[in-house]
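Worksheet: one structure, shown below.
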Amino acid sequence: MIHVFIETARLILRTVTMDDVEGVALSWRLDEGPISREEAEERVRWMVDNHRQNAPGRVVHLCLAIIDKDAGEIIGWCGLDHRDQAKAAPVLFYLLKASYWGKGLATEAAEAVLGYAFGELGLARVDGAAAFENVASKRVMEKIGMRYVGLDEEGGYSFTVSREE
């Protein structure tokens, strides 16, 4: 499973290719400034290698660029991470440039990735986590139907959702 393309009302979520190196260089660290072209090429290769390991019922790492349809640029990242096989389920993640916060875009992207996780990937469960001070991220997980299960070992919020839920 190398290429993923998900369209929502305002966003496109998709895997990146070497054609996206410039966009990755400009957006990898979101608001911290660009990375070098060489580092961006490494990041794209890393994502592609991880995506090759994903298969129905199993995900290692799925990192999708979040593209604002109106702006036509990468505004963040969303996906699933299960590189730590000691964890029971993949963990949902989402990051947006600060100028896009508070518009419901993280919720829109996270909901789309959950749909993909339970649909095309056929996963049984997805977990989520947010730092204790990140109340906005906690709200995203609540809005997309994830169930709060308590504080994790680092003192952050821990969530989960199953395909049946």
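Read-outs throughout are calculated quantities, based only on the coordinates presented, and are distinct from any laboratory measurement. From a predicted model like this one, the values you see are computed outputs, not experimental measurements. Here the Cβ is made from the backbone with ideal geometry for all residues, glycine too, and neighbour counts use every protein chain on show.
What to note about this one:
- The listed residues are V113, V140, and the only one of them that is touching a residue at least 60 places away in the same chain (Cβ under 8 Å), β-branched (V, I, T) and under 30 Å from G33 (Cβ atoms) turns out to be V113.
- All positions within the stretch 1-57 that are in contact with a helix residue (DSSP H, G or I) (Cβ under 9 Å, 6 or more places away or on another chain), of a type in the set (S, T, N, Q) and farther than 18 Å from L95 by Cβ: T17, S36
- Selection within the stretch 12-66 - in contact with a His (Cβ under 8 Å, 6 or more places away or on another chain) and assigned to a helix (DSSP H, G or I): M47, N50, H51, Q53
- When the residues of the stretch 2-11 are filtered to those that are in a loop (DSSP other than H, G, I, E, B) and touching a residue at least 60 places away in the same chain (Cβ under 8 Å), the one that is surrounded by the most Cβ atoms within 10 Å (Cβ to Cβ) is V4.
- Qualifying residue in the stretch 81-93 (condition: surrounded by fewer than 18 Cβ atoms within 10 Å (Cβ to Cβ), small (G, A, S) and touching a residue at least 60 places away in the same chain (Cβ under 8 Å)): no
Per-residue answers, yes or no, for (1) of a type in the set (D, E, K, R); (2) within 27 Å of K143 (Cα to Cα):
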site: R14; (1), (2): yes, yes
site: W28; (1), (2): no, yes
site: Q53; (1), (2): no, no
site: P56; (1), (2): no, yes
site: C63; (1), (2): no, yes
site: I66; (1), (2): no, yes
site: I74; (1), (2): no, yes
